Amino acid sequence: MKFNIPNFQEHVILAPFTTMKVGGPARWFVTVATTKEFIHAVREALRNNVPYCVLGKGANVLISDKGFDGLMIRAKNSHYVFRDTHVTAEAGTDLTTLVMQSAQRGLAGLEFAAGIPSTLGGAVRGNAGSRESEMKNVIETVDILNAKGEQKTLTVAQCEFSYRNSRMKQQKEIVLSAVLKLERGSKDTILEKVKENFSRKHKTQELKFPSSGCIFMNPAASAAGKLIENAGLKGMRIGGAKISEIHGNFVINENNATAEDIIMLISVIKQKIRTLYRIQLHEEIQYIGFD
Ligand SMILES: Cc1cc2nc3c(=O)[nH]c(=O)nc-3n(C[C@H](O)[C@H](O)[C@H](O)COP(=O)(O)OP(=O)(O)OC[C@H]3O[C@@H](n4cnc5c(N)ncnc54)[C@H](O)[C@@H]3O)c2cc1C
């Protein structure tokens with residue numbers, strides 16, 4: 001196996017590149033600083049017939065203890081440019097940077113994303129959001145690389161966004177960059193809203209320990225966190241993993257948890273919620289390296 005990729009590494013432990021701080025090694029690992037490098041890395045994996053996967057901020061993943069037997073591409077392409085009410089940004093751009101830069105320019109639409117740890121690419125793929133809004137409401141177009149390594153531009157309609165879902169997620173397409181469409185507003189009002197959202201997250205989420213945010217998507221007409229709380233599961237521990245006392249939908253890495261500890265806790269939660277409420281919970285987090 002010969003990659004024609006400058007600076008790729010072998011057997012790189014992935015835990016430090018995730019917010020959960022869990023996960024074994026990637027067989028091959030490369031950080032891409034430009035979209036050109038990003039496309040090249042994916043095409044090299046395809047040429048060598050090697051599985052590949054992208055890591056943004058690692059804020060919505062659970063990586064197995066045995067790691068990922070393929071090429072892990074860490075997206076750090078982060079060039080962005082504002083033009084009038086639009087911003088074109090590469091996938092590795094930090095979402096909080098875009099939130100703050102938009103607010104400073106008096107551009108509204110991204111306030112809901114304050115406090116969501118994410119790259120733009122991860123947020124677009126998962127249609128990240130809050131009660132207020134979601135990514136699909138600010139997207140004009142998305143540049144992708146499909147499973148054959150072909151580059152395409154999709155309109156927002158072609159992205160087929162739904163709750164924490166998109167065509168890119170379903171079809172395993174890579175997000176390279178996106179054009180966001182914002183609206184002119186009062187800078188002070190926008191900054192106030194951003195501040196409010198940051199402080200609400202600090203009050204309602206468990207931020208002292210590593211986590212991947214909400215483990216489960218909310219089932220129709222209920223909140224997964226409330227179901228878990230009502231089931232009396234808050235505070236339950238397996239190994240180093242614990243269900244947060246603050247937010248029932250957060251599993252935290254309290255004390256050197258393994259992916260195995262977390263998976264076992266997730267299984268207990270799913271089983272209990274199904275038995276008590278006849279509701280099947282589905283993971284929001286993305287599993288890597290478990291097959
Ligand atoms: C404390 C905390 C709070 C959170 N709060 C929220 C919240 O309020 N709302 C919300 O929606 N989420 C929330 N999350 C979850 C997380 O922040 C989002 O899902 C975020 O969008 C993940 O982005 P990422 O860059 O970290 O993606 P990663 O976790 O790195 O990747 C997630 C998935 O996307 C894939 N991926 C990443 N980049 C690309 C790309 N460029 N192209 C194709 N695939 C890609 C990965 O392979 C993986 O399957 C929270 C997480 C934490 C830790």
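Stretched out fully, how many nm does the piece from residue 10 to residue 133 gain, at 0.36 nm a residue minus the Cα gap?
Gain on stretching residue 10 to residue 133: 40.3 nm.
Going 7 Å from the Cα of residue 181 along its beta-carbon direction, which residues of region 77-114 have the amide nitrogen within less than 12 Å of the resulting point?
85-87
Once you have all Cα-Cα distances for region 9-75, histogram them in 10 Å bins from zero and send the whole-percent values.
Per 10 Å bin, starting at 0, the Cα pair percentages come out as 24, 55, 21, 0.
Would you mind telling me which residue in 252, 279, 190 has the biggest mean-square fluctuation in a Gaussian network model of the chain, where springs connect alpha carbons within a distance under 10 angstrom?
279
In whole angstrom, how far apart do the alpha carbon centroids of region 217-291 and region 1-53 sit?
29 Å
How many nm is it between the label spots at residue 255 and residue 290, if each spot is 7 Å from the Cα in line with the beta carbon?
Taking the simple label geometry, residue 255 and residue 290 are separated by 2.5 nm.
Are there any GluC sites (Glu not before Pro) in region 127-161 that are in a DSSP loop and have at most 14 other Cβ atoms within 10 Å? List them by number.
Those that pass, being in a loop and sparsely packed, are 132, 150.
Output the relative contact order of region 203-287, whole-number percent, from Cα pairs under 8 angstrom with separation of 6+ residues.
35 percent
Per residue, how big is the convex hull around the C-alpha atoms of region 206-288? Give it to me in cubic angstrom, could you?
82 Å³
Do any of 36/66; 187/226; 181/201; 169/193 go past 28 Å between their Cα atoms, and which?
Long pairs (Cα-Cα over 28 Å): 36/66; 187/226; 169/193.
Hey, fewest Cβ within 10 Å first, where do 222, 78, 118 land in order?
By the 10 Å Cβ count, ascending: 222, 78, 118.
Can you put 96, 34 in order, fewest other beta carbons within 10 Å first?
With the sparsest Cβ surroundings first, the list reads 34, 96.
For residue 2, list the aspartates and glutamates whose Cα falls under 19 Å from its own Cα; do not include residues on the same chain fewer than 8 positions away.
The qualifying aspartates and glutamates are 10, 37, 44, 69.
For region 68-108, list residues with backbone N below 11 Å from a point placed 7 Å from the Cα of residue 140 toward its Cβ?
Answer for this model: 82-89.
Under a point spin-label approximation (7 Å from Cα along Cα-to-Cβ), what is the residue 50-residue 81 distance to one decimal in nm?
Using points 7 Å along Cα→Cβ, the separation is 3.3 nm.
Taking every pair of alpha-carbon atoms in region 1-123, what share in percent sits in each 10 Å bin, from 0 to the bin with the longest distance?
Answer for region 1-123: a P(r) of 13, 39, 30, 14, 3, 0 percent.
Express the relative contact order of the chain as a whole percentage, based on alpha carbon pairs under 8 Å and six or more residues apart in sequence.
Here the relative contact order equals 18 percent.
How big is the chain on each of its three principal axes, counting only the C-alpha atoms and giving the largest first in Å?
If we take the Cα atoms of the chain, the spans are 55, 49, 31 Å.
Bear in mind these aren't lab numbers, they're just calculated from the coordinates by the rules spelled out. Model, not experiment: these values are computed from the prediction. Cβ: placed from backbone, ideal geometry, glycine included. Neighbour counts: every protein chain shown.
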